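In what follows, a single structure is set out as structure tokens and then discussed.
Derivation of every value follows stated rules applied to the coordinates shown; laboratory data play no part. None of these values were measured; they are calculated from a predicted model. Here Cβ is always computed from backbone atoms with ideal geometry, including for glycine, and neighbour counts include all displayed protein chains.
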Amino acid sequence: MPQEIPQAFKIDLPAAARWAKAAPARSPWLHEEVGRRMEDRLQWIKLRPTRWAHWEPVRGGLQAHALLMRRYPGSECFVVENDSVHRRVAIKSIVKPWWNPHGWVAAPARFEMPPDTCVQMLWANMLLHDAPDPQALIAQWHRALATDGFLMFSCLGPDTLRELRGLYEALGWPNPGHEFTDMHDWGDMLVHAGFAEPVMDMEHITLTYETPARLLEDLRELGRNLHPGRFPALRGRRWRQQLEGEIATRLADPRQQGRLALTFEIIYGHALKPAPRRPIQPETTLSLDEMRAALRERKRAAQA
């Protein structure tokens with residue numbers, strides 16, 4: 001049975017599907033920074049994959065993809081992009097022209113879904129928190145990995161946008177974004193999907209902005225409000241002006257020289273795909289008479 005997501009953490013599935021198609025075909029700065037930090041953690045992992053997969057690198061981080069290619073030169077890479085526009089951007093960024101020396105030593109990237117049990121590493125950066133069906137996605141990652149392969153992923157945690165959530169709550173407005181799942185719940189889902197030894201970690205990153213308009217622009221690039229109970233209609237210009245005024249007043253941080261501060265909780269996850277468990281042999285039951293007969297038979301065979 002899959003691990004059930006608490007109702008509070010569920011998202012609007014049609015809205016998530018729309019965002020997957022509407023997301024800009026570029027890597028946000030925050031995603032690249034998280035990808036850089038996650039790539040640095042690979043120095044502690046001894047296994048060097050000969051095949052690995054990068055799940056949706058255009059949004060997850062094309063600069064991080066370049067770091068991974070440098071870390072594992074000659075390793076074959078599967079690039080998974082479900083959106084055709086994102087796939088074209090990925091090909092243009094990753095495939096080097098014939099005259100570029102970096103392309104002479106790199107193994108060719110394959111822009112397709114990896115076969116089952118094919119790759120030794122699966123990389124998914126800043127993706128899972130917007131997934132319409134995270135259990136199905138985790139199960140897909142598990143199928144793609146070979147035995148003893150490992151998963152590296154990151155996503156947003158529940159402290160993300162806590163300042164903006166507090167502002168909306170104080171004004172009596174619906175949530176500005178869907179709830180993000182705790183790292184312990186992600187760990188449980190990994191175990192239910194068949195992964196072993198999940199290691200979960202988190203950190204807080206604070207971004208500061210000069211103006212409310214710049215803050216809102218950054219948030220629009222990062223994602224959308226997928227909360228099922230979000231405001232159901234369009235907002236007007238006066239509401240936007242009120243929102244920017246409240247942000248300027250309530251989110252100014254004196255520790256940051258009055259700049260507007262937003263917190264992002266980043267969850268990092270690492271887990272292994274273990275060897276399949278051996279099936280338990282069915283139990284055999286013998287009566288006392290059958291056991292005695294079997295012992296007599298063994299005795300006769302030994303004396304023959």
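Observations on the structure shown:
- Per-pair calculated FRET efficiency, R0 = 30 Å: E112 and K10 via Cβ, rounded to 0.05: 0.45
- For the chain: relative contact order, % (alpha-carbon pairs under 8 angstrom, 6 or more apart): 21 percent
- Computed from backbone phi, the HN-Hα couplings of region 73-80 come to x, x, 7, 6, 10, 9, 9, 9 Hz, rounded to whole numbers (Karplus: 6.51 cos²θ - 1.76 cosθ + 1.60, θ = phi - 60°; Gly and Pro given as x).
- Annotation: amide H of S75 within the under-5 Å range of A107, sequence separation 5 or more or interchain, hydrogens built in the peptide plane.
- Selection from T208, M152, P108, by position along the positive dipole direction of the chain (Cβ): P108
- Within the straight-line cut-off of under 30 Å between alpha carbons, the lysines reachable from K273 are K10, K46, sequence neighbours fewer than 8 places apart in one chain being disregarded.
- The longest part of the chain holding none of the exposed loop chymotrypsin sites (Phe, Trp or Tyr not before Pro), meaning those outside H, G, I, E and B in DSSP with at most 16 other Cβ atoms within 10 Å, is 112-304.
- Sorted by Cβ neighbour density within 10 Å, fewest at the top, the residues E197, E221: E197, E221
- Extension gain, Q257 back to A25 (0.36 nm per residue minus Cα-Cα distance, nm): 80.2 nm
- Legend: ranking of residues E32, E217, E56 from fewest to most surrounding C-beta atoms inside 10 Å; resulting order E217, E32, E56.
- Gain in span if fully extended, E197 to N225, counting 0.36 nm per residue against the direct Cα distance: 6.8 nm
- Loop-located trypsin sites (Lys or Arg not before Pro) in region 17-63 (DSSP state not H, G, I, E or B) with no more than 10 neighbouring Cβ atoms inside 10 Å: K46.
- When the chain is reduced to its Cα atoms, the Kirkwood hydrodynamic radius in Å: 22.1 Å
- For region 254-261, the Karplus equation 6.51 cos²θ - 1.76 cosθ + 1.60, evaluated at θ = phi - 60°, returns couplings of x, 6, 10, 6, x, 5, 7, 10 Hz by residue, with Gly and Pro reported as x.
- Karplus (6.51, -1.76, 1.60) ³J(HN,Hα), θ = phi - 60°, over region 223-240, in Hz, Gly and Pro reported as x: x, 10, 7, 9, 5, x, x, 5, 4, x, 10, 7, 8, x, 5, 5, 5, 4
- Placing +1 on the Cβ of every Lys and Arg and -1 on the Cβ of every Asp and Glu, with no other charges, gives region 7-303 a dipole of roughly 760 debye about its Cα centre.
- Cα lying deepest toward the dipole's positive end in the chain, options H270, V85, P254, charges on Cβ: V85
- Ranking of M152, M113, M38 by neighbouring Cβ atoms within 10 Å, starting from the fewest: M113, M152, M38.
- Mean projected area (nm²) of the alpha-carbon convex hull when region 133-275 is viewed from all directions: 9.9 nm²
- Candidates A233, A248, A23, ranked by Gaussian network fluctuation over the chain, Cα under 10 Å, top entry: A233
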